[in-house]
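A short reminder: the numbers here are calculations on the coordinates, not readings from a lab. Bear in mind the structure is a predicted one, so any value in this text is a computation, not a measurement. Please note: Cβ atoms are built from the backbone with ideal geometry, for glycine as well, and neighbour counts cover all protein chains shown.
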Amino acid sequence: MKIVIVENPRPLTVEHYNDVANAPLSASLNSGYALAVARRAGWDAVHLDFSSGNEDAVAIAARIHAEAADIVLFHWVYSWGDEERVRRIIALLRRENATPLGAFGLFPTLSREILMQYAPQLDFVLAGEFEETLDELLSLFGVRRAIAPLPGLFLRGEKLVPRPLITSLAQLPVPDDVGANCSYTSLNIAASRGCFGECSFCFIHRYYGCSRRRVRDLASLERELELRLSRRDVKSLYFIDPTFIGQGARERERVGEIGRMARRFGLPFGFETRVDCIDEPILASLVENGATSVFLGIESGCDSVLKRIGKRIDTEQIRRAVRIVRECGTQLNLGFIMFEPDSTLAELEENYLFLEELELLADHELTVNLLYHNQIVLHGSAAWERFERDGRLLVNEHLPFEARCRFRDERVGDICSAMGRLTAHYFSDMDALRQTCSASAAGNCAMHHDGHRGGSGINSVLKEAFRALCRAADVMPRQFEWVEREYAERLHNVLALH
């Protein structure tokens with residue numbers, strides 16, 4: 001028996017260039033786990049990756065059909081406006097034969113009912129944590145040659161019976177390293193699953209069906225590292241856990257041992273965690289054992305916004321966490337939502353001053369992200385339901401499963417749109433710069449990207465643009481478009497100088 005795991009086309013578009021990816025990092029291991037589960041069940045497992053390609057639907061369907069699979073399973077993460085191409089691929093596959101077609105991952109889980117309507121040729125969706133469901137599906141299919149109802153399996157016309165979460169993550173097979181993952185020198189690995197938070201913009205708790213964090217047995221983690229490191233050359237590790245550090249003394253002891261494990265393998269590592277899970281002793285211990293980067297989802301510099309989005313932290317905790325990371329000498333990476341849909345002009349100003357206070361607007365590559373990011377609303381999320389209820393959801397027919405929403409204050413929405421357009425100009429011009437650099441001496445390129453010389457001018461324009469747009473929206477609405485054009489021209493000119 002043979003299963004083909006397909007990565008759907010999801011090429012980067014200008015509209016999504018600076019959007020936060022609308023799937024957690026854990027999605028990067030989904031196909032690897034599915035392939036390993038299938039092989040453990042005695043199936044031949046093939047992986048086809050069309051995520052970044054531009055092949056048309058006919059060519060993609062022909063390649064999938066040529067594998068002569070017994071089941072085709074799409075790891076449908078998101079499509080960034082390419083949903084129609086994926087739907088056509090599925091329709092073409094169904095036209096060729098009756099091979100069962102399924103989907104799994106974050107997006108199919110959240111949008112399973114509407115997805116079945118959008119792509120009526122789909123036979124099933126693996127909803128939520130899928131490994132045990134897939135294992136049972138394959139075992140039964142080998143006997144019955146048909147897809148039968150199971151817990152965790154969503155079938156057309158059937159009610160989903162949720163499957164309990166995996167009791168011990170040590171039961172999971174070691175995931176394959178496939179697709180884009182193999183081109184990186186850093187190895188993504190999970191030491192836990194889930195999160196105890198319920199942030200309104202996040203999808204992790206809905207995917208797993210609860211706000212709970214499960215940790216892995218350290219012996220199984222070490223076995224996975226040994227096997228995966230034997231497959232390919234790796235320079236570093238990245239723990240994709242939604243929060244690598246949990247709460248309580250026992251958990252701190254556990255992550256300390258993971259740090260010592262990474263050190264035994266001689267690999268530096270990065271991780272993500274909540275600001276309320278960091279303290280000086282544990283981070284110092286992790287840095288001593290090779291931690292080089294920390295991602296903190298601070299999300300806002302306003303206590304009012306943090307409360308509104310259910311973050312369960314405050315700005316003092318953020319200040320403390322940022323200080324700890326810096327004093328330990330690790331690279332700080334940030335998650336931030338400048339334009340939360342209910343934001344006021346005063347909150348935008350508060351956000352800006354908070355970022356300045358923490359000296360987080362010193363480099364244009366970080367500044368451009370912090371001063372633009374707004375909330376993506378995915379179908380099936382709590383945010384979608386809320387804004388749809390309020391009549392504020394703005395759905396584009398070409399993006400049927402993601403939406404923007406009407407800002408409570410239209411002036412904030414105007415600033416968000418303008419900063420989005422300026423950001424697109426920035427990335428377009430920076431791409432052109434990098435292409436120029438690749439054809440010139442490395443020494444000449446350094447000044448474009450080191451945050452100094454030319455970089456400081458770029459950074460200043462980005463910051464000035466944000467403040468000017470906020471002022472114009474508040475007191476000079478008739479001059480708003482003129483202000484945007486002025487700063488778009490200034491940004492283009494300062495980038496063109498280098």
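One table, with the values for the structure above:
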item	result
All-pairs Cα distance distribution in the range 184-336, expressed in whole percent, bin size 5 Å	2, 9, 18, 22, 20, 15, 9, 3, 1, 0
Projected area, mean over directions - the chain, Cα convex hull, nm²	23.9
Cα-projected label distance for Lys159 with Asp44, points at 7 Å along beta-carbon direction, nm	4.1
Share antiparallel - DSSP beta bridges, the chain, percent rounded to 5	25
Alpha carbon centroid spacing (whole Å) that separates the range 172-191 from the range 353-422	31
C-alpha center-to-center spacing [the range 287-324, the range 92-130] in angstrom	37
Label-zone membership for the range 467-498, site Glu356, 7 angstrom Cα→C-beta point, backbone N under 14 Å	467-471
If the convex hull is drawn through the Cα atoms of the range 91-170, its volume per residue in Å³	102
The range 2-155 - Rg over Rh from alpha carbon coordinates, Kirkwood radius	0.94
Theoretical FRET efficiency, 1/(1+(r/R0)^6), r = Cβ-Cβ of Glu84 and Ala249, R0 41 Å, to 0.05	0.20
Computed label-point distance, nm, for sites Arg389 and Lys307 using a 7 Å Cα→Cβ extension	2.0
Reachable aspartates and glutamates, given that their alpha-carbon falls under 17 Å from the alpha-carbon of Lys307 and they are not under 8 places away in the same chain	Glu198, Asp276, Glu299, Glu316, Glu340, Asp342, Glu347, Glu350
Mean residue ellipticity (222 nm) of the chain, computed from DSSP H runs ≥ 4 via -39,500 (n - 2.57), nearest 500	-14000 deg cm²/dmol
Full-stretch length increase - Thr436, Ala180 - with 0.36 nm per residue and alpha-carbon distance subtracted	89.6 nm
Pairwise FRET efficiency - Ser230 versus Arg319, Cβ, R0 = 35 Å, nearest 0.05	0.20
